[in-house]
Amino acid sequence: MKTTDLIDKYEDALSVVNIAAYQHYGTKREFHGKVITVRCFEDNTKAKALLETQGDGRVLVIDGRASYGRALMGDNVAAIAIKNGWEGVIVNGYIRDVADINHMPIGVVALGSTPRRPKKNNDGERNITLSFADAQFVPGSYVYVDDDGMLLSATEIFL
């Protein structure tokens, strides 16, 4: 679903996410789904554990507090997400293995790339409201992403 068409039809019901500083990765440039959240700092253990479950077309939103110190996702984790049916991953932080991820059938939005792998201390929180990019990502809400932008809705919407 094109974000331009959605905002034209449902503007009052949508929040616009400020992704001016973010980049798209993966071959799926347009994706949407129910939001699942995790907050972690330079540790992707909880995010990876979520992606190891059935995605059912959902979108994982990771708040890494915009840290450049360590990547929160690489090609191995992206492959897990694809295998388990996740639509996409939004990272308020950095990823790695972008040359590989750019050839994979998943949608990823992140601040950029960094080569350092994540820590593995099982730190973080799941299913909490996240605030970044001038928006609030509430578990169970819906996110719509394409090259024109990112939108949030409390409920699923259709054209």
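All of the numbers you see were taken from the coordinates with simple rules; none came from a lab. Remember, predicted model here, so these are calculated numbers, not experimental data. Every residue, glycine among them, receives a Cβ derived from its backbone with ideal geometry; neighbour counts consider all protein chains shown.
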Taking only C-alpha pairs under 8 Å that are 6+ residues apart, what is the relative contact order of region 107-159 in percent? 19 percent
Hey, can you grab everything whose amide H is under 5 Å from the amide H of residue 141? Only 5+ residues off in sequence or another chain; H modelled, so Pro and N-termini drop out. 35
Only Lys, Arg (+1) and Asp, Glu (-1) charged, at Cβ; the chain dipole about Cα centre in debye: 760 debye
Among 42, 156, 30, rank each residue by its count of other Cβ atoms within 10 Å, from fewest to most, as a rough exposure measure. 156, 30, 42
Share of Cα-Cα pairs in the chain beyond 24 Å, whole percent, is 24 percent
Taking a virtual spin label 7 Å from the Cα of residue 79 along the C-beta vector, which residues in region 117-146 bring their backbone nitrogen under 20 Å of it? 117-120
Compute log10 of I(q)/I(0) for region 80-159 with the Debye formula, placing one identical point scatterer on every Cα and leaving out solvent, at q = 0.21, 0.23, 0.24, 0.25 Å⁻¹, to two decimals. -1.33, -1.49, -1.54, -1.56
Inter-label distance for residue 4 and residue 136, nm, one decimal - labels placed 7 Å from Cα along Cα-to-Cβ: 3.1 nm
Which order do 87, 11 fall in if you start with the one that has the fewest other Cβ atoms within 10 Å? 11, 87
Would you please name the trypsin sites (Lys or Arg not before Pro) within region 66-159 that are DSSP coil residues with at most 15 other C-beta atoms within 10 Å of their C-beta? 116, 120
Using the Karplus curve 6.51 cos²θ - 1.76 cosθ + 1.60 with θ = phi - 60°, work out ³J(HN,Hα) for each residue of region 3-11 in order, rounded to whole Hz, and write x for Gly and Pro. 5, 5, 5, 5, 5, 5, 8, 10, 3
Order these by the 10 Å Cβ neighbour count, fewest first: 32, 103, 24. 103, 24, 32
Sites removed, the longest contiguous part of the chain containing no DSSP-loop chymotrypsin sites (Phe, Trp or Tyr not before Pro) with at most 14 other Cβ within 10 Å is 69-157
Positive dipole terminus of region 55-159, leading residue within 59, 133, 72 (C-beta point charges): 72
Under 15 Å by backbone N from the virtual spin label 7 Å along Cα-to-Cβ at residue 158, the residues of region 15-30 are none
